[in-house]
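> Pasting in a structure now, in structure tokens, and then I'll have a few things to ask.
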């Protein structure tokens, strides 16, 4: 039971980080002026 | 003799959820199927907001006295922490600024 709780906690932690990374992504456009 | 300190390469804005925030007036949001593109005309940063809910949250930030109240009103409770971290990243990119 304790191990199961730990597993659940680990999954929730990873999910939070994944969601965080998925929400915002910054892109550098420096040096792209020659592309267009 | 000058002792010049090197300026910080990125003027990071400390995000405080208990403060009022708004979409930076120098930022244009363009709606996309995945969420929105945010372009900052000052620092020329391009940021993808990859959630419609995050776009709604950012667009309505100025309607609330604090970011945490905006999050509480717009975001399901289980996702509050993730969206507050997303706002912190947007503050660091100057997509949002404190009122």
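The values are calculated or read from the model by the stated rules, or taken from the named source; none is laboratory data. From a predicted model like this one, the values you see are computed outputs, not experimental measurements. Cβ sites come from the backbone with ideal geometry, for glycine too, and all protein chains shown count toward neighbours.
> Go through the stretch B:64-85 and report how many residues are farther than 15 Å from residue B:24 by Cβ and touching a strand residue (DSSP E or B) at 6+ places or on another chain (Cβ under 9 Å). So that I can check it myself, show each step before the final result.
Keep residues of the stretch B:64-85 that are farther than 15 Å from residue B:24 by Cβ, which gives B:64-66, B:68-85.
Among the residues that remain, those that are also touching a strand residue (DSSP E or B) at 6+ places or on another chain (Cβ under 9 Å) are: B:64, B:66, B:70, B:85.
Of the residues in the stretch B:64-85, 4 are farther than 15 Å from residue B:24 by Cβ and touching a strand residue (DSSP E or B) at 6+ places or on another chain (Cβ under 9 Å).
> Pull up the stretch B:45-72, narrow it to residues that are assigned to a loop (DSSP other than H, G, I, E, B) and under 16 Å from residue A:24 (Cα atoms), then point me to the one that is modelled with the lowest pLDDT.
So in the stretch B:45-72, the residues assigned to a loop (DSSP other than H, G, I, E, B) come out as B:45, B:50-51, B:64-66.
Okay, now just the ones that are also under 16 Å from residue A:24 (Cα atoms), so B:45, B:50-51.
On the way: B:45: 90, B:50: 94, B:51: 94.
Here the answer is B:45.
> Considering only residues that are free of Cβ contacts under 8 Å to residues at least 40 places away in the same chain and surrounded by 22 or more Cβ atoms within 10 Å (Cβ to Cβ), look in the stretch B:83-99 and name the one that is nearest to residue B:57 (Cα to Cα).
Filtering first and then ranking leaves B:83.
> Considering each residue of the stretch B:73-86, count those that are in contact with a helix residue (DSSP H, G or I) (Cβ under 7 Å, 6 or more places away or on another chain), more than 9 Å from chain A (Cβ to nearest Cβ) and assigned to a helix (DSSP H, G or I), and give that number.
The number of residues fulfilling the criteria is 3.
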